[in-house]
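A short worksheet on the structure shown next.
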Amino acid sequence: MAEPEDDGTPGLFSRELGDWLGSNEPKTLAGLGGVFGERAFAVAVLLLMFPAALPLPTGGVTHVLEIITIIVAAEMVIGLTTIWLPARWRNRELGGSMTGKALPFVVRRVASAERYSKPRGSILLRQRWFTRILGACLIGLAVAAALAPPFSGLDTLPAIGAVAISLGIILGDLLIVGKGALVGVSGIVVTLVLGAAVIDFFRSIVG
């Protein structure tokens, strides 16, 4: 199958994200609503879970981001149209390392995904009841990532799943959402299997 031609022009969302990153607007979760509207929920989850999706040490920062993700996803489930968070989190700047390194990397990855994405199942993705289901899935993936054993790298797959689901929502591509769900569920299964193996190992030693 021939690969899609790259004209060097990033897709709409990557441009919006890049423009927001390069603007003088405060780089806060509160600022997402004014720029991205109802997509702000998916954009917030994408940005919050992206650090955990990278196989890099984060010093426990990702656990805070995962807690915020759970709150944001819960608001998707109950049907809020704007993100609510405590002022301490809502108005906190994302930080130089995030805006200077992580977000530009996100923009490049999103631009790559846009080359292959199509508006598949976009009507379904706009349905409130389906958004609630996806919010519940994102909660499960964020919880799985948060509960993964420290320094095991097992939080990566659930986080990748959450990032892909969020990106699929933003791009209106149900196929990307489905692939994200598959990766996330696979990560949860791997975590459970390995966790059970570790428990059995220690039981055998103690016994």
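FYI, it's all coordinate maths here, none of it is from the lab. From a predicted model like this one, the values you see are computed outputs, not experimental measurements. Note: ideal-geometry Cβ built from the backbone for every residue, glycine included; neighbour counts use all protein chains shown.
Quick rundown of the values:
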item	result
Mean Cβ count within 10 Å, highest first, over the residues of peptides 61-67, 112-118	61-67, 112-118
Selected from S186, S23, S122 as most flexible by GNM, with the chain as the system and alpha-carbon contacts under 10 Å	S23
Residue-averaged [θ]222 nm for the chain, counting only DSSP H segments that reach four residues, each worth -39500 (n - 2.57)	-22000 deg cm²/dmol
Stretch gain in nm, segment Q127-I205, where the contour uses 0.36 nm per residue and the Cα spacing is subtracted	22.9 nm
